[in-house]
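Pasting a structure here, questions to come.
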There are 2 protein chains.
Amino acid sequence: MNTPLRTAVVGAGNVAWSLAPALERGGLIKVIRVVARTHGSAEALARRLGPDVEATTDNSRADRDADMVIVAATDSAVRQAAEACSGSQAVWVHTSGSVDASVLSAASPRYGVIYPMQTFTRGVEVDLSHAAIYLEASSEKLLEQLRTIALTVSDNIGEADSEGRRRLHCAAVFACNFTNHLLTLAERVAHEAGRPLDDFRPLIDETMRKAALIGPYDGQTGPARRGATAVMEAHEALLPPDLRNIYHILSESIASTYSHEPH
Amino acid sequence: MNTPLRTAVVGAGNVAWSLAPALERGGLIKVIRVVARTHGSAEALARRLGPDVEATTDNSRADRDADMVIVAATDSAVRQAAEACSGSQAVWVHTSGSVDASVLSAASPRYGVIYPMQTFTRGVEVDLSHAAIYLEASSEKLLEQLRTIALTVSDNIGEADSEGRRRLHCAAVFACNFTNHLLTLAERVAHEAGRPLDDFRPLIDETMRKAALIGPYDGQTGPARRGATAVMEAHEALLPPDLRNIYHILSESIASTYSHEPH
């Protein structure tokens, strides 16, 4: 890999927006094209990547003059993109936690996955240098090529087949999407008490610091772990029905996780 | 408050173990006694606090020669401790998010609450210098006295009556106890994929960093927000029933939170 791989990016959402520049900064790929559902979104990412980057909405053009196509699109769009380019000479890679690698075989016999286990929001710069990135490839040779590329982004590269990657993605939903949503719910409850979520920042920071230090299992505190039934009932009584249901189910899960402990 | 207040601590659990030394370091209180359910636990905390600190299991001795009694015990134990010292001359304070301040009126007409909104685990040192601490007191004069004491521990002192404190405690259960438990569940799922929770540390860090930066509502990502039904069904299919239920209910909560968005 002496000259950068001429690369098309399919997708212009949160993942493409963060990952494409990070990969390009690594120096081993050069984005020549962005393919997206709307010309406006393709154009916006293309402009971010450089003046000569083509913007198009035409999936069937994705692999033209490209050594590699990176599909960073919604899960259903990965298959559509691959099927639009059957018989492609390029290497095809997707970035999804939940799509089988073999979906890309519709485009090319050389395909793989670069799955960065990270949360991406357009406009929020993210440091990927230690993010776990899991690889899969249709051959050992391609796996090593993808590893070389991924190592320009992060020092934390692993391998996972499609089944393992789906489990990791599911675990990431618990560790990221669900924890984040619980902060949104905490903000709702705190608002009722007239306080902003900022008041909870030292608590949140300490929760995460302690979980990293001794593990979340040992770090668990609160009424559900210590079996404080009256406290939990009082909390449920002041919550609206949707939050009451979540409170109840998570408290039961905690209680059952620590049911061997005396109170 | 020129000479430190002679203070008895009732309780020797996670909160007492962290808060009593922090308060004493502030210089305005001097712990003279630890009262706990077992002599061993009272003795362990007493030894941590100094050679002259009495250890006892006798609730009725709590306020002897004490200017202040701080009850940092389980919620049901607060009432027991207060009732064992009716007619007390001391100021009585508890540290619980969920117990009405007036429970302490069984012991003394001068009572209040110092509620530190933080997660405490014995053996894990915690920096309380910015932790939100909410006060309540039976008089304005006592409130100011408690504020002076609390300010030796944290620069983030607020007020909350018993109802408001209960809501804040409930919000803290979402922001701390539930987020932490979701990390325990993520660890279980990741274990099935043969990976440790350490792989998820950059993801967790970024989730919390982004939530602090732009708020958890705007920072939400994942299949439930983008309506990726097939992904969610695939995840639920690989989870055991208890986790499947939690996955489903939290995904529904996210979907309904963002139901106004187009996919």
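The values are calculated or read from the model by the stated rules, or taken from the named source; none is laboratory data. In this text the structure is predicted, and so the values were computed from the model without any measurement. Reconstructed Cβ throughout: ideal geometry from the backbone, glycine too, with neighbour counts over all protein chains shown. Only protein heavy atoms, including side chains, enter the accessible area calculation; ligands, DNA and RNA are left aside. Shrake-Rupley method; radii C 1.70, N 1.55, O 1.52, S 1.80 Å.
How high is the FRET efficiency between B:S76 and A:R122 when r is their beta carbon distance and R₀ equals 51 Å, given to the nearest 0.05? Before the final figure, lay out each step's value.
Working: r = 50 Å, r/R0 = 0.98.
After rounding, the FRET efficiency stands at 0.55.
Taking N as the number of residues in region B:52-114, what is its alpha-carbon radius of gyration divided by 2.2 N^0.38 Å? Let's see the in-between values first.
Values: Rg = 10.6 Å, N = 63, 2.2 N^0.38 = 10.6 Å.
The reported ratio for this selection is 1.00.
Give the angle, between 0 and 90 degrees and rounded to the nearest 10, that separates the Cα long axis of helix A:241-257 from the longest principal axis of the Cα atoms of chain A.
The helix A:241-257 is inclined about 80 degrees to chain A.
Give me the Kirkwood hydrodynamic radius of the protein assembly as shown in Å, from all C-alpha pairs, to one decimal place? Write down the numbers at each step before the final one.
Numbers: mean 1/r = 0.0397 Å⁻¹.
After inverting the mean inverse Cα-Cα distance, the result is 25.2 Å.
Compute the distance from the alpha-carbon center of region B:40-82 to that of region A:82-102, in whole Å.
66 Å
Given H placed on each backbone N at 1.01 Å, which residues far from A:A55 in sequence or on other chains put an amide H within less than 5 Å of it?
Under 5 Å from the amide H of A:A55 lie the amide H atoms of A:V34, each far enough along the sequence or on another chain.
Still on this structure, please answer the following. Which one, B:F178, B:V153, B:S139, is farthest towards the positive end of the dipole of region B:139-186 when Lys and Arg carry +1 and Asp and Glu -1 on their Cβ?
My answer, from the dipole projection, is B:F178.
Continuing with the same structure: Before rounding to the nearest 500, sum -39500 (n - 2.57) across all DSSP H runs of length at least 4 in chain A and divide by the residue total; then give [θ] at 222 nm in deg cm²/dmol.
Working: 11 runs with 117 residues, N = 263.
-13500 deg cm²/dmol, from helical runs alone.
Further question: Could you list, in their original order, any pairs among A:K141/B:K210; B:K30/B:K141; A:K210/B:K30; A:K30/A:K141 whose Cα atoms are separated by more than 31 Å? Provide the component values of the computation, followed by the final result.
Working: A:K141/B:K210 37 Å; B:K30/B:K141 21 Å; A:K210/B:K30 28 Å; A:K30/A:K141 21 Å.
Pairs exceeding the cut-off: A:K141/B:K210.
Next question, about the same structure. Order A:H191, B:H235, most accessible first, counting only protein heavy atoms with a 1.4 angstrom probe.
Result of the area sort, largest leading: A:H191, B:H235.
Given the rotation that superposes chain A on chain B, what residue of A brings its beta carbon nearest the axis, and what is the distance in Å?
Residue with the nearest Cβ, plus whole-Å distance, for chain A: A:T179, 2.
Any chance you could give the angle, 0 to 90 degrees and rounded to 10, that helix A:162-172 forms with the longest Cα principal axis of chain A?
40 degrees
Right, something else. Work out from phi, with θ = phi - 60° and the Karplus expression 6.51 cos²θ - 1.76 cosθ + 1.60, the ³J(HN,Hα) of each residue of region B:100-117, listed in order in whole Hz, and give x for Gly and Pro.
These are the phi-based 3J(HN,Hα) values: 4, 4, 5, 4, 6, 5, 4, 9, 7, x, 9, 8, x, 9, 10, 9, x, 7 Hz.
Subtract the Cα-Cα distance of B:H39 and B:E159 from 0.36 nm times their separation in residues, and report this length gain in nm to one decimal.
Numbers: separation 120, 0.36 × 120 = 43.20 nm, distance 3.46 nm.
Value of the extension gain: 39.7 nm.
Now for a different question. Once amide H atoms are placed 1.01 Å from N in the peptide plane, what residues at a sequence separation of 5 or more from B:L5, or on another chain, have their amide H within under 5 Å of its amide H?
Amide H neighbours of B:L5: B:I29, B:K30.
How big is the equivalent ellipsoid of region A:112-263 along its three axes, where each semi-axis is √(5λ) from the Cα gyration tensor, reported in whole Å from largest to smallest?
Values: eigenvalues 283, 70, 41 Å².
Semi-axes (√(5λ), whole Å): 38, 19, 14.
Here's something else I'd like to know. To the nearest 0.05, what FRET efficiency results for A:R48 and B:R25 with a Förster distance of 41 Å applied to their C-beta separation? It would help to have the intermediate numbers written out before the result.
Working: r = 51 Å, r/R0 = 1.25.
Efficiency for this residue pair is about 0.20.
For region B:70-78, just list the computed ³J(HN,Hα) in residue order, Karplus coefficients 6.51, -1.76 and 1.60, θ = phi - 60°, integers in Hz, with x standing in for Gly and Pro.
Once rounded to whole Hz, the list reads 10, 9, 10, 10, 4, 4, 6, 6, 4.
If you plug each phi of region A:6-16 into the Karplus form 6.51 cos²θ - 1.76 cosθ + 1.60 with θ = phi - 60°, what whole-Hz ³J(HN,Hα) values come out, in order, with x for Gly and Pro?
Karplus-based 3J(HN,Hα) across region A:6-16 equals 6, 10, 9, 10, 9, x, 9, x, 4, 5, 4 Hz.
Please work out how much length the chain gains when fully extended from A:S129 to A:R209, using 0.36 nm per residue of separation minus the C-alpha to C-alpha distance, in nm with one decimal. All intermediate terms of the calculation are to be shown ahead of the outcome.
On the way: separation 80, 0.36 × 80 = 28.80 nm, distance 2.00 nm.
Gain in length upon complete extension: 26.8 nm.
As a test of the definition: with a 1.4 Å probe, what buried accessible area, both sides summed, do you compute for A against B, in Å² to the nearest 100?
Working: alone 14450 and 14440 Å², together 21050 Å².
Summed over both sides, the interface buries about 7800 Å².
Hey, for B:T148 with labels 7 Å out along Cα-Cβ, what do the inter-copy distances come to in nm, ordered shortest first?
The answer, with the shortest distance listed first, is 7.2 nm.
Here's something else I'd like to know. What does the charge add up to near A:P21, with Lys and Arg as +1, Asp and Glu as -1, over the other residues with Cβ less than 14 Å from its Cβ?
Details: positive: A:R25, A:K30, A:R47, A:R48, A:R122; negative: A:E24, A:E125, A:D127.
For residues surrounding A:P21, the net value is +2.
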